[in-house]
Every structure is written in C-alpha cells, then in structure tokens.
Amino acid sequence: MGLLGDNDMISIIPVDSAAHPLSPLVQVGPNRGELQNSARRVESMGGGIFTYTGLKAGWEILKPAPVGQRHIILFADAADAEEPGDYV
C-alpha cells in the first residue's frame, strides 16, 4: 500500500469460495489509513481460494473504472488455490 500514489485507486476483495469486498474502488490518498487497516485485518476463513471467483470480482469492479491502467493482484498460496475457471 505504501508504494501506491495518492491518486491511484484500489479495491480490496478477500476471496475464499466467494468474494467479500472490503471496499469499493476508491482513491488511495484520502483513504490510505482505512485501506491499510482493512487489509491488515483480513483473516483466513477457510474454504479454499477460488481464483476465478477473485479474478471475476476484481474485473467487475475495474471494468467501469475511469482509469487508463488496470491491474488485478491476486494473492493465493498454492495449497488452497482452487477453481481456476476459464481464464488465460
């Protein structure tokens, strides 16, 4: 989070077998502290990590975003990453 600029936008979406958005797509600057606190409080709740579900949820938020570059960063350990879905 510290490497993001104040004008960057971010959404945090923990995923197990479903997506659980913690924040909508918001500008980092005025929300940095709250976003960092939210990200640090994410807990593993079990149920595996459905990677396609996470990617799909991320794209649904990014698709209408008024920005030029869009990135999805998906964190998953290899042991629990499941449901790759139909992506390339």
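The values are calculated or read from the model by the stated rules, or taken from the named source; none is laboratory data. Here the structure is a predicted model, which means the values were calculated and not measured. Positions of Cβ are backbone-derived with ideal geometry, glycine not excepted, and every protein chain shown enters the neighbour counts. Each accessible area value is taken on the protein alone, full model and side chains, heavy atoms only, with ligands, DNA and RNA left out. Shrake-Rupley method; radii C 1.70, N 1.55, O 1.52, S 1.80 Å.
Taking every C-alpha pair closer than 8 Å and separated by at least 6 residues, the mean separation divided by the residue count of the chain gives a relative contact order of 29 percent. Checking every one of the GluC sites (Glu not before Pro) in the chain against DSSP loop status and a limit of 11 other Cβ atoms within 10 Å picks out Glu43.
Within segment 18-88, report the chymotrypsin sites (Phe, Trp or Tyr not before Pro) that DSSP leaves as loop and that have at most 12 other Cβ atoms within 10 Å.
Working: sites: Phe50, Tyr52, Trp59, Phe75, Tyr87; in loops: Phe75, Tyr87.
Of the chymotrypsin sites (Phe, Trp or Tyr not before Pro), the ones in loops of segment 18-88 whose Cβ has at most 12 other Cβ atoms within 10 Å are Phe75, Tyr87.
What shape does the chain take by its C-alpha gyration tensor, where a ≥ b ≥ c are the square roots of the eigenvalues and a/c under 1.5 counts as rounded, a/b above b/c as prolate, and the rest as oblate? In terms of gyration-tensor shape, oblate. As a rough guide to protection, the peptides 17-24, 66-73 ranked by mean Cβ packing within 10 Å, highest first, stand as 17-24, 66-73. Label segment 31-71 by shape, choosing from rounded, prolate and oblate, from the square roots a ≥ b ≥ c of the eigenvalues of the Cα gyration tensor; if a/c is under 1.5 it is rounded, and otherwise prolate applies when a/b is larger than b/c, oblate when it is not. Because a/c hits 1.5 or more and a/b fails to exceed b/c, segment 31-71 counts as oblate.
Which percent of the accessible area of the chain is formed by carbon and sulfur heavy atoms (probe 1.4 angstrom)? Intermediate values should be presented prior to the final figure.
Details: 3360 of 6220 Å².
Exposed carbon and sulfur together represent 54 percent of the surface.
To the nearest ten degrees, helix 51-62 and the longest principal axis of the Cα atoms of the chain are 30 degrees apart. Estimated purely from DSSP H runs of n ≥ 4, each contributing -39500 (n - 2.57), the mean residue ellipticity at 222 nm for the chain is -9000 deg cm²/dmol once divided by its residues.
Extension gain for Val67 to Ala18 (0.36 nm times residue separation, less C-alpha to C-alpha distance): 15.0 nm.
About its Cα centre, the dipole of the chain is roughly 340 debye, where the only charges are +1 on Lys and Arg Cβ and -1 on Asp and Glu Cβ. Compared with the dominant principal axis of the Cα atoms in the chain, helix 28-40 is inclined by about 30°.
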